[in-house]
Structures are given as structure tokens and as C-alpha cells.
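Contents: one structure, followed by commentary.
The values are calculated or read from the model by the stated rules, or taken from the named source; none is laboratory data. This is a predicted model, so every value here is computed, not measured. When we count neighbours, we look across all protein chains shown, and the Cβ atoms used for this are built from the backbone with ideal geometry, even at glycine. With ligands, DNA and RNA removed, areas are computed over all heavy atoms of the protein, side chains included. Shrake-Rupley method; radii C 1.70, N 1.55, O 1.52, S 1.80 Å.
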Amino acid sequence: MLVNKIDLTEKFKKSFRKLPASVQKQAVFKIEIFKIEPLGKSLKTHKLKGKLKNKWSFSVDYSHRIVFEFASKSEVVFYDIGDHDVYR
């Protein structure tokens, strides 16, 4: 499955801008991997539960995650990026 389109929410854009440059660079790298293989093992992609039950998450690094939702088979929406507080 390839991801052809990624929509970014304003919250995602704002959170991304607040990240250190090194984490931003790592996030861009992981997003490129995500486009090719969104459910790849290296991303640790997983479905969320509770109030985020319709959303998914993948790892940028040990402490940062991207929360997203599949809009279709080839389109996703990125909702937020950050540490584990993105799950709140």
C-alpha cells in the first residue's frame, strides 16, 4: 500500500514547528518511509484505543509519535506530532 496524499491539520503544523530541528529532520525521514510502507515494522505503526479509537500512530523516534487517520487506501490525515502527550 502506498500513501499518495498526506493532509496536515493546523495542529500538526503547529506542533511540528515547535519540535527541535533534529526531531523535525527525523520526522521528515520517517514520513518518507511511511509513504512507501505505512504499516512497516520499523515505524511501529499501531491502531489507537479509547478516545482516539479511529486513529493510528507511528514512531518518529523513541519518544515522538505522529497520530494519523486513513482517509482512504492512499490518503491519510496527520493530526498531531509530539511525545506521548499526543495521546491525551
Rounded if a/c is under 1.5, else prolate if a/b beats b/c, else oblate: with a ≥ b ≥ c from the C-alpha gyration tensor eigenvalues square-rooted, which is the range 26-65? prolate
Relative contact order of the chain (C-alpha contacts under 8 Å, at least 6 apart) in percent is 36 percent
Of all DSSP beta bridges with both partners in the chain, the antiparallel percent, nearest 5, is 75 percent
Run the reach check for Lys25 against lysines, Cα to Cα strictly under 22 Å, same-chain hits fewer than 8 apart removed. What comes back? Lys5, Lys11, Lys13, Lys14, Lys35, Lys41, Lys44
Other residues with Cβ under 15 Å from the Cβ of Lys13 give, with Lys and Arg +1 and Asp and Glu -1, a net charge of +1
Checking the a/c ratio against 1.5 first, then a/b against b/c, what shape does the Cα gyration tensor give for the range 1-72? rounded
Carbon and sulfur %, accessible surface of the chain computed with the full protein complex present, 1.4 Å: 55 percent
Between Lys53 and Lys25, what is the spin-label point distance in nm, taking each point 7 Å from the Cα along the Cα→C-beta axis? 4.2 nm
Summing -39500 (n - 2.57) over the DSSP H runs of n ≥ 4 in the chain and dividing by its residue number, what mean residue ellipticity at 222 nm do you reach, to the nearest 500 deg cm²/dmol? -9000 deg cm²/dmol
Those chymotrypsin sites (Phe, Trp or Tyr not before Pro) in the chain that DSSP places in a loop and that have at most 12 other beta carbons within 10 Å: Tyr62
For the chain, with every protein chain kept in place, what is the accessible area per residue (1.4 Å probe, Å²)? 65 Å²
